[in-house]
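Visitor: Sharing a structure, written as structure tokens. Questions coming.
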Amino acid sequence: MACPSDWPEPIVRVQSLSEKCGGGGRIPERYVKPVESRPWLSEEGEEANIPVIDLAEEGEIGGRVAEACREWGFLQVVNHGVRPELMEAAQEVWRRFFQQPMEVKQAYANSPTTYEGYGSRLGVEKGAILDWSDYYFLHYLPCNLRDVNKWPSLPISLREVMDEYSREIVRLGGVLLKMLSISLGLSQDFLQNSFGGEDVGACLRVNYYPKCPQPDLTLGLSSHSDPGGMTFLLPDQNVPGLQVRRGDRWITVKPAPHAFIVNIGDQIQVLSNAIYNSVEHRVIVNSAQERISLAYFYNPKSDLLIQPAKELLAPDRPALYPAMTFDEYRLFIRTKGPKGKSQLGKS
């Protein structure tokens, strides 16, 4: 199975739809979710939040990391070594990109072959119900996939800011993988080596969620678990939107100042043989404010076989997943779009 080279229907930019709607109006039927998938915005949210881990704390924090991975599949990390000024600059350059005229952005329009560039839909199913968002996707690692010409040239500082930001995320990814390996009782380099050592994948999806006149009918991003290894989300500090599934409830995440929201992806669920689980999450939109977030995916080398660690198997705990390369695995998402955890047979 291979991805088509083009989208099945003409692409409509959600930002343009939002501008046409102004402060009211109805959203097109293509964006109206089935009743069971709609966000119930009037429902009182549970007073809970994903755990916050201070990486500068002295003493043993591995137990708290392990608990967060087992119980939530999500954690927030603070004092992670990335300068707050760099985090703010990364969000600002992308905010300015999405404020550019449409013809400037259209020059970077993407295709389903790699998704790299300016996009407005995931999946290639004709007639699919779409999400209320635009995005920009780009590769950083491996180096042979990095094409700086596909990174926006405006604003002028974007490429420089994102190069530094990307280096910092890759550094932090190595730190977290080491902590996760130790917390699983594995050698500290186990997960990094399983990902390909220094030859990992790293790619960025910048999410732009325009104002929506009917936020109770749609989603900015449908429920899904991340197919890769680990995700570092730089959330919008001022506009809530990320929701994490907790049992049969959806928890709206409250970002800690200058924190990264980190979540376990499907590949770590496979490697840990479901000791750590990737968790469904989604994004709600609102009528008053636009929202921007940066999701950085730290992934295994695409052609390596990923399978449960032999050290975590036992007669009463056999391997739950077959060996599969990440390239083979993520093709499901690229073809079908976000559909809960249906790509992961077990959970």
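The values are calculated or read from the model by the stated rules, or taken from the named source; none is laboratory data. Nothing here was measured: the structure is a model prediction, and the numbers come from that model. Please note: Cβ atoms are built from the backbone with ideal geometry, for glycine as well, and neighbour counts cover all protein chains shown. Heads up: the accessible areas ignore ligands, DNA and RNA and are worked out on the full protein's heavy atoms, side chains in. Shrake-Rupley method; radii C 1.70, N 1.55, O 1.52, S 1.80 Å.
Visitor: Just wondering, is there one or more residues in region 122-144 that are at pLDDT below 95, among the hydroxyl-bearing types (S, T, Y) and not in a strand (DSSP E or B)?
Guide: Scanning region 122-144 turns up no residue that is at pLDDT below 95, among the hydroxyl-bearing types (S, T, Y) and not in a strand (DSSP E or B).
Visitor: Given the criterion modelled with pLDDT under 95, touching an Asp or Glu at 6+ places or on another chain (Cβ under 9 Å) and open to solvent by 10 Å² or more (accessible area, probe 1.4 Å), identify the matching residue among V148, V161.
Guide: Exactly one of V148, V161 is modelled with pLDDT under 95, touching an Asp or Glu at 6+ places or on another chain (Cβ under 9 Å) and open to solvent by 10 Å² or more (accessible area, probe 1.4 Å), namely V148.
Visitor: How about region 164-182: which of its residues are farther than 30 Å from L312 by Cβ and open to solvent by 40 Å² or more (accessible area, probe 1.4 Å)?
Guide: Within region 164-182, E164, R167, E168 qualify.
Visitor: Determine which member of the set E290, E280, E311 is touching a Leu at 6+ places or on another chain (Cβ under 8 Å) and acidic (D, E). Before you say what the answer is, go through the steps one by one.
Guide: Working: E290 fails: touching a Leu at 6+ places or on another chain (Cβ under 8 Å); E280 fails: touching a Leu at 6+ places or on another chain (Cβ under 8 Å).
Just one listed residue meets the conditions, E311.
Visitor: Just the residues that are more than 28 Å from R146 (Cα to Cα) and at pLDDT below 95, please, taken from region 186-212.
Guide: Of everything in region 186-212, nothing turns out to be more than 28 Å from R146 (Cα to Cα) and at pLDDT below 95.
Visitor: Are there helices (runs of 4 or more DSSP H) fully within region 1-112 with at least 2 residues that are open to solvent by less than 30 Å² (accessible area, probe 1.4 Å) and not β-branched (V, I, T)? List them.
Guide: Working: elements: 14-21, 62-71, 84-98, 102-106.
The helices (runs of 4 or more DSSP H) meeting that bar are 14-21, 62-71, 84-98.
Visitor: What are the pairs, 6+ residues apart or on separate chains, where a residue within region 206-227 that is open to solvent by 10 Å² or more (accessible area, probe 1.4 Å) has its Cβ under 6 Å from a residue that is of a type in the set (V, I, T) and part of a strand (DSSP E or B)?
Guide: Y208/I292; L221/V283
Visitor: If you don't mind, another one. State whether one or more residues within region 238-245 are of a type in the set (D, E, K, R) and assigned to a loop (DSSP other than H, G, I, E, B).
Guide: Checked against the condition, which is being of a type in the set (D, E, K, R) and assigned to a loop (DSSP other than H, G, I, E, B), region 238-245 yields no hits at all.
Visitor: Now a separate question. Just give me the residues in region 8-25 being basic (K, R) and farther than 13 Å from W132 by Cβ, in sequence order.
Guide: Selection gives K20 alone.
Visitor: Would you point out which residue out of E103, E85, E92, E116 is under 18 Å from the mean Cα position of the chain (by Cα) and among the acidic types (D, E)?
Guide: Answer to the selection: E116.
Visitor: I would also like to ask the following. Suppose the filter is open to solvent by 40 Å² or more (accessible area, probe 1.4 Å), of a type outside the set (A, V, I, L, M) and farther than 22 Å from L233 by Cα; does G185 pass it?
Guide: In short, yes.
Visitor: Can you name the number of the only condition in (1) under 17 Å from D216 (Cα atoms); (2) without any contact (Cβ under 8 Å) to a residue 12 or more places away in the chain; (3) among the charged types (D, E, K, R) that E88 fails?
Guide: It is condition (1) that E88 fails.
Visitor: Only one residue in S293, S278 is surrounded by 17 or more Cβ atoms within 10 Å (Cβ to Cβ), touching a helix residue (DSSP H, G or I) at 6+ places or on another chain (Cβ under 9 Å), at negative phi and assigned to a loop (DSSP other than H, G, I, E, B). Which one?
Guide: S278
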